[in-house]
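What follows is one structure encoded as structure tokens, with my remarks underneath.
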Amino acid sequence: MVNPAASKPERNWRAERYAAVADHVARATGWRIVLTGGGSPAEKALTDAVAAQLATPALNLAGRTSVRTLAAVLAGAEGLLAPDTGPVHLAAAVGTPVVGLYAVARSALTGPWPEPRYCVDRYAEAARQFLGASEPGWHLRVHDARAMDLITVEEVCAQVDRLAAGRGAR
């Protein structure tokens, strides 16, 4: 599953990057891609942009699930790819592994608990580059949309591959 939008746009990754990772997942594992997200215009626009760039058709549930339904869908998923957003915690609560994308805040602070092992965390680099903070405080946030650009498609694909190997994908 892919939930591309967060409540704060600075936490969002680019649609083309989500699409590249989702296509990699579909090719490498045969898993069907399901897109989720809220029904706000901004969330639907980002999710629709991801869907439009996919080479592999996906089921787009953005704006079409209640929290209870989303929890049920997540419980049956092999994994979730998402930035720092509520569905990350919902997935963790139902035992679904999360590839979380973190650069605005450290994954150890706001990531999926108790299992952050698949997170991609560029927070320290973002704090140095955009705030000039060599030793950022524990709760410091990087309020700069460029922070998420530090996360590469290649490193996210590597984490997805680790997750898939642990789930017994082909």
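Observations
- Mean Cβ neighbour count within 10 Å, used as a protection proxy, ranking 95-102, 11-18, 50-57 highest first: 95-102, 11-18, 50-57
- What the phi angles of segment 135-145 give under the Karplus curve with 6.51, -1.76 and 1.60, with θ = phi - 60°, is a coupling list of 10, x, x, 4, 9, 5, 10, 9, 8, 8, 4 Hz, glycine and proline written as x.
- Taking the longest Cα principal axis of the chain as reference, the axis of helix 153-166 is set at about 60 degrees.
- Surface share of carbon and sulfur [accessible, 1.4 angstrom probe, percent] for the chain: 53
- Segment 1-64, relative contact order in percent, only Cα pairs under 8 angstrom and at least six apart counted: 39
- Short-range pairs are left out: with C-alpha atoms under 8 Å and at least six residues apart, the relative contact order of segment 1-141 is 20 percent.
- Using θ = phi - 60° in the Karplus curve 6.51 cos²θ - 1.76 cosθ + 1.60, the 3J(HN,Hα) couplings for segment 34-49 round to 10, 9, 10, x, x, x, 5, x, 5, 5, 5, 4, 5, 5, 5, 5 Hz; x is entered for Gly and Pro.
- Structure-based [θ]222 nm, the chain - -39500 (n - 2.57) summed over DSSP H runs of at least 4, per residue, nearest 500: -11500 deg cm²/dmol
- Ranking of MET1, MET148 by solvent-accessible surface, largest first: MET1, MET148 (1.4 Å probe, protein heavy atoms only, all chains present).
- Among the listed values (1) 8.9; (2) 23.2; (3) 11.3, the one matching mean projected area of the Cα convex hull in nm² as calculated from this structure is (1).
The values are calculated or read from the model by the stated rules, or taken from the named source; none is laboratory data. Note that the structure is predicted; figures quoted are calculated from it, not measured. No Cβ is skipped: glycine too gets one built from the backbone with ideal geometry, and neighbour counts run over all protein chains shown. When the accessible area is computed, the model is the full protein with side chains, heavy atoms only, and any ligands, DNA or RNA have been set aside. Shrake-Rupley method; radii C 1.70, N 1.55, O 1.52, S 1.80 Å.
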